[in-house]
Amino acid sequence: MNRRAFLFGTITSLALPAVARSGTLGIDLPELRGSLAVPETRPVTRRTGDRSIELQAAINRAASAGRPLRIPAGRYEVSNIRLPDRARLVGVPGETRLVYSGGGRFLYSEQARTLSLEGLVLDGANRMLSDEDDGLLSLAFVEDADLARLVVQGSVGHGVSMTRTGGSLRDCRVSGSAGVGIMSTEGNAMTIAGNTVSDCVGGGIHLRRWMVGDDGSAVRDNHIQDVGQAGIRLSSAGAVRISGNDLHAIEGAAIVADAASAGASVSNNAIDGAALGIALLAGGDDRLSLVEGNVVRNVVEASVVAAAGRRAGGVGIHVETHGSVTGNVVEAAPHLGLSLGWGAMLGNVVASGNVIRRAGTGIGVSVLASEQATIVTGNLLVDVPGGAIRGMRFAAFATDDLTRVGAAAWPGLTVGENRVA
């Protein structure tokens, strides 16, 4: 087999003016050879205008053959591109730019078994989508999506929107969305890891379900900053693991799980700047939750936080669920460092080994949930002028400092061996 036949028989490539005899979208042999060896130094003249028809045809051919479609560096204006089963698009990171030309949807896929996108810039150019709850990249019923090293920017809806989709979204940068940066609906054990999400009005990462159930997804090692509403949000999504994320300058709650998101594990996250650091709200499910090893700093004053069920703001960590709150650090929270319960909503919970410094009050615990066993022991509370541990009725203080007056009046509450400095 000669070199020309080998190259055209083993790779499908996308470039510019269409060459009918090659069966690819506009690339000549010298340019193809250059992409596999040393790039040519001569400038390549690139045609402008909408490329949707050509790109769609090239994607379909490559997917049918089970081959990756390699898209050279350049700007391609496209819209309404459907990604079929087995589609695999590979670009030059930061250089292959697909720009939404308007008129409906950008890139979408429905009912694919496998799908892969890597190294593409997806630019929405702030043009209208046909559905504001859609994303620039919209996947539905995709069994195994592999999304890596994408740049997604300028969406009037969500950045990436996934419905009943599994697989992974990793090492991507999502910014400038009017909606949520990354939205997963009815997720199927999705891994969302190593991404940077910024400047998104509707929030950073949101996992939601229309019917209450276990999502089983993992949200880890992401960097989220300057987003509205919530940094990481769970709505009716149970059994989600949230770990190792860095969140900065969040308008509402940095991490929040609503009352129908049972069994959450929130560990080793770093939060700097939010109206509420971490909030786990209670519901009917009695599974245990874990809040462990998180660092929450510089919580800002706020009366209520809408994304957290209108719970009080200015709080480092707020927990209503059954479980453990252990080994966390909270520094600088104007209202409470740690809040346990909201009215009668308080599970059986242990709060121990936490360090709280420079909080209005160190720990607040609801005294309206007398039937539950609550243990608050072995915590260090430093510079808490409003008291170390106080009983609460919703957002209002109901007792003096329990480290001084004791908690005998509330049989379900144990307070002991806490150090105040």
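The values are calculated or read from the model by the stated rules, or taken from the named source; none is laboratory data. The model shown is predicted, which means the values in this text are computed figures rather than measured ones. Don't worry about glycine lacking a Cβ; one is built from the backbone with ideal geometry, like all the others, and counts go over all protein chains shown. Areas reflect the complete protein model, heavy atoms only, side chains present, ligands, DNA and RNA absent. Shrake-Rupley method; radii C 1.70, N 1.55, O 1.52, S 1.80 Å.
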Answer yes or no: is there a residue in the range 390-403 that is more than 33 Å from the chain's Cα centre (by Cα), surrounded by fewer than 24 Cβ atoms within 10 Å (Cβ to Cβ) and hydrophobic (A, V, I, L, M, F, W, C).
-> yes
Residues that are buried (at least 19 other Cβ atoms within 10 Å of the Cβ) and within 13 Å of Ala257 (Cα to Cα), drawn from the range 306-321 | Ala307, Ala308, Arg311, Ile317, His318, Val319, Glu320, Thr321
Would you say Asp171 is within 13 Å of the chain's Cα centre (by Cα) and open to solvent by 50 Å² or more (accessible area, probe 1.4 Å)?
-> yes
Just wondering, is there one or more residues in the range 86-101 that are hydroxyl-bearing (Ser, Thr, Tyr) and either surrounded by fewer than 17 Cβ atoms within 10 Å (Cβ to Cβ) or within 19 Å of Arg208 (Cβ to Cβ) (or both)?
-> no
Residue among Asp199, Asp221, Asp214 that alone is under 18 Å from Asn269 (Cα atoms) and open to solvent by 20 Å² or more (accessible area, probe 1.4 Å) | Asp221
In this structure, does Arg209 turn out to be assigned to a strand (DSSP E or B), within 23 Å of Asn294 (Cβ to Cβ), modelled with pLDDT of 95 or more and of a type in the set (Lys, Arg)?
-> no
Kindly indicate whether Val350 is more than 27 Å from the chain's Cα centre (by Cα), β-branched (Val, Ile, Thr), open to solvent by 10 Å² or more (accessible area, probe 1.4 Å) and over 22 Å from Val304 (Cβ atoms).
-> yes
Across the range 259-289, what is the total count of residues that are open to solvent by 20 Å² or more (accessible area, probe 1.4 Å), among the aliphatic types (A, V, I, L, M) and within 19 Å of the chain's Cα centre (by Cα)?
-> 3
